[in-house]
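The block underneath contains the structure these notes are about, expressed in structure tokens.
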Amino acid sequence: MLTLDIVLQAEIETCMRLLGAASIDQLGPRFINTRMVERDIYDGESNLDKTGLWEKADLMKSKL
């Protein structure tokens, strides 16, 4: 049975081969492509001070 550290090591070695890096010292930020996730990062206001999802429910007014 493979342990997590063996699987992780194999994944790192595979990625390094695909990148053409022979050692970890050859890796750097230039190998990171963030274009696909940049569109998913919201850079606006958090609106945490407004009501909505953060508003407490008033169970006494509920008509169940």
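Read the figures in this text as sums done on the coordinates, not as results from a lab. Since this is a predicted model, take the numbers as computed values, not measurements. Ideal geometry is used to build each Cβ from the backbone, glycine not excepted, and the neighbour counts take in all protein chains shown.
Listed values, structure above:
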{"read-out": "Ala10/Thr34 FRET efficiency (R0 25 Å; Cβ-Cβ; nearest 0.05)", "value": "0.50"}
{"read-out": "Electrostatic dipole magnitude of the range 1-41 [Cβ: Lys, Arg +1; Asp, Glu -1; Cα centre; debye, to 20]", "value": "220"}
{"read-out": "Column: log10 I(q)/I(0), Debye, Cα scatterers of the range 1-41, q = 0.21, 0.26, 0.33 Å⁻¹", "value": "-0.78, -0.88, -1.05"}
